[in-house]
Amino acid sequence: MHYFPLAWPFLLLLGLLFFFLVTFVEIGLLGYAYERMGIPHRYVLLVLLLSLLGSAINIPVAQMRPEHLVTQRYIDYFGIRWVVPEVQAYPGTIVAVNLGGAIIPTILSLYLMVKNDLYVRGVLAIAAVAAVTHELAQPVRGVGISVPTFIPPLVAAVVAIVLGWRRAAPLAYIAGSLGTLIGADLLNLGRIQGLGAPVASIGGAGTFDGIFVSGILAVLLASIVGGRR
């Protein structure tokens, strides 16, 4: 249950993105954006790093009945290569929760919702992103549910600016993270059975890249536009 959901070339791209974010923090750009969200500057890099490293940890919560197993090591879809863990014994699809792609973003999103008093607008933004993500989500044999990487962050940024540009940064993170988790994973749990995936990870393979980019790109887009206004 410990493996990175993306193949190394794509994981390296996220690592490079993290490197550039470190640079932005050092020059004050990203630090300012996150401080507007209500997160102390010194915790910015820690949250990002834990999210990236935590993507390798899946916590089992349930098990589905046995079915035909897809044994390919890698699955390509939406231009992204995801890792399918190899198993020796296959009792059925294990439903797990990803630490970096589900638990950490959820905790941070709830904190931001309370910190910035975004209860109503937060729910509306989450619902909007979840609806779009659910419409785009596709079941992939051997992986689970997959969504295009950059659609959720773009939708989250637009929705956040429309619903509350003064709080666009935290609203974009909340909508991009929870909206993707709900629309792609939670609302599609019933479609997991029959895909032959050894592990169906909520916030993991198929959606982690979208959630990670949502939590970064949506914040940057919303913060820049909000700051100019």
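Here, each number is a calculation from the coordinates, and none is a lab measurement. A quick note: this is a predicted structure, and the numbers were derived from the prediction, not measured. As a convention, Cβ positions derive from the backbone with ideal geometry for all residues, glycine included, and neighbour counts pool all protein chains shown.
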- Query: Mean separation of Cα pairs under 8 Å and 6+ residues apart, divided by the residue count of region 85-192: what relative contact order is that in percent?
  - Reply: 34
- Phi angles of region 194-205, converted by Karplus (6.51 cos²θ - 1.76 cosθ + 1.60, θ = phi - 60°) into ³J(HN,Hα) in whole Hz with x for Gly and Pro, give x, 8, x, 8, x, 9, 9, 9, 6, x, x, 4
- Note on the structure: Taking every other residue with Cβ under 14 Å from the Cβ of Val159 and scoring Lys and Arg +1, Asp and Glu -1, one gets +2
- Residue separation between Leu16 and Leu50 times 0.36 nm, minus their alpha-carbon distance, gives in nm 10.7 nm
- Message: Using amide H atoms built in the peptide plane, which far-off residues or other-chain residues are under 5 Å from Ser201 H to H?
- Response: Ala96
- Task: Report, by chain and number, residues whose modeled amide H sits under 5 Å from the one on Gln63, excluding near sequence neighbours (fewer than 5 apart, same chain).
- Result: Val95
